[in-house]
Amino acid sequence: MGRIIDILNQDTHFCDGLNSCMNCGVCTAVCPAAEFYNYDPRVIVDTVQRGDESEIEELLKSNTIWYCGECMSCKPRCPRGNTPGEVIMALRKASIETGLFVESEKGRQQFAIKRAIADSVLGVGYCVSPDIAVPEKHPEQGPVWEWICANKEQVYERVHANYDGNGAGALRHVDEASLNELKEIFKVTGGTAFMESIEQCSKEKAAALGMDIEEYLHETYTFNSGGDGYGNNE
Ligand code: SF4
Ligand code: SF4
């Protein structure tokens with residue numbers, strides 16, 4: 001692993017997001033995530049600004065960086081023109097690039113998001129597809145979703161969707177050429193390498209925990225310890 005601070009300095013979100021912090025705490029005062037979690041953007045920015053490699057490494061291994069809702073309410077309020085939300089985006093990216101995300105519960109959940117959302121985007125062209133979000137795998141969707149899935153032709157016709165059809169309209173079939181174009185965009189923008197890092201590090205973590213990858217996926221999708229946002233209960 002290169003120096004984390006060097007990785008951060010190559011990230012435009014990091015360079016845009018941090019000028020200099022005077023520790024006033026305005027970002028924490030306006031932050032909606034700070035209302036619900038024991039989470040403090042001021043502390044995160046201050047830690048990064050100190051530049052201590054081992055402290056930043058601890059941040060990348062912690063739950064803390066995954067509590068930000070990326071709403072950017074902190075951006076217009078900071079008297080020094082910082083954007084803590086962008087600093088946190090850069091920390092998340094570095095956590096995935098270095099593989100340290102698997103050391104925290106919320107970090108490990110990135111694998112569930114990758115499998116549920118990214119694989120759906122690249123596989124069928126939608127973030128969420130009714131054909132992938134099947135009730136057997138998503139009992140949390142409840143009985144209404146189960147009913148919709150059992151009656152989807154009828155339901156989608158009523159809302160004038162073009163379910164699995166050609167041409168325009170919601171839920172239309174996304175053709176092979178468009179899917180290939182999407183894959184190319186992911187490739188040239190670094191998205192594919194990013195997803196591969198999540199997949200590979202998660203497989204290694206699953207093996208280290210003595211789980212097969214499907215068990216690990218189920219664990220990351222369903223387990224929530226109710227940790228406090230400062231890396232406790234990981
Ligand atoms: S509002 Fe800006 S200067 Fe104040 S603590 Fe947050 S990042 Fe630092
Ligand atoms: S972007 Fe993150 S840190 Fe900033 S206000 Fe929103 S939740 Fe808080």
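A few remarks follow.
- Scanning region 199-213 for residues that are under 21 Å from ASP119 (Cα atoms) and assigned to a helix (DSSP H, G or I) turns up GLU199, GLN200, CYS201, SER202, LYS203, GLU204, LYS205, ALA206, ILE213.
- Some residue of region 166-175 being farther than 23 Å from ASN63 by Cβ, touching a Phe, Trp or Tyr at 6+ places or on another chain (Cβ under 8 Å), of a type in the set (A, V, I, L, M, F, W, C) and modelled with pLDDT of 95 or more: yes
- Scope region 7-34; condition under 18 Å from TRP66 (Cα atoms) and near ligand 1 (Cβ under 8 Å from one of its atoms); matching residues: CYS27, THR28
- The set of residues in region 32-70 that are in contact with a Gly (Cβ under 7 Å, 6 or more places away or on another chain) and not hydroxyl-bearing (Ser, Thr, Tyr) comprises PRO32, ALA33, ASN38, ARG42, ASN63, TRP66, CYS68, GLU70.
- For region 133-170, residues that are at negative phi and part of a loop (DSSP other than H, G, I, E, B) total 15.
Each row is one residue, and each column tells you yes or no for (1) free of Cβ contacts under 8 Å to residues at least 24 places away in the same chain; (2) within 15 Å of LEU171 (Cβ to Cβ).
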| residue | (1), (2) |
| --- | --- |
| SER95 | no, no |
| GLY99 | no, no |
| VAL102 | no, no |
| LYS106 | no, no |
| GLN110 | no, no |
| VAL121 | no, yes |
| PRO130 | no, yes |
| HIS138 | yes, no |
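- Applying the condition of being buried (at least 16 other Cβ atoms within 10 Å of the Cβ) and of a type in the set (D, E, K, R) to region 112-154 and asking which residue is farthest from THR222 (Cα to Cα) yields LYS152.
- Matching helices (runs of 4 or more DSSP H) fully within region 1-104 where at least 2 residues are under 27 Å from ALA193 (Cβ atoms) and among the small types (Gly, Ala, Ser): 84-98
- Residue count for region 35-45, restricted to those that are more than 11 Å from ligand 1 (Cβ to nearest atom), free of Cβ contacts under 8 Å to residues at least 60 places away in the same chain and not aromatic (Phe, Trp, Tyr): 1.
The values are calculated or read from the model by the stated rules, or taken from the named source; none is laboratory data. This one's a predicted model, so the numbers in the text were calculated from it and none came from an experiment. Don't worry about glycine lacking a Cβ; one is built from the backbone with ideal geometry, like all the others, and counts go over all protein chains shown.
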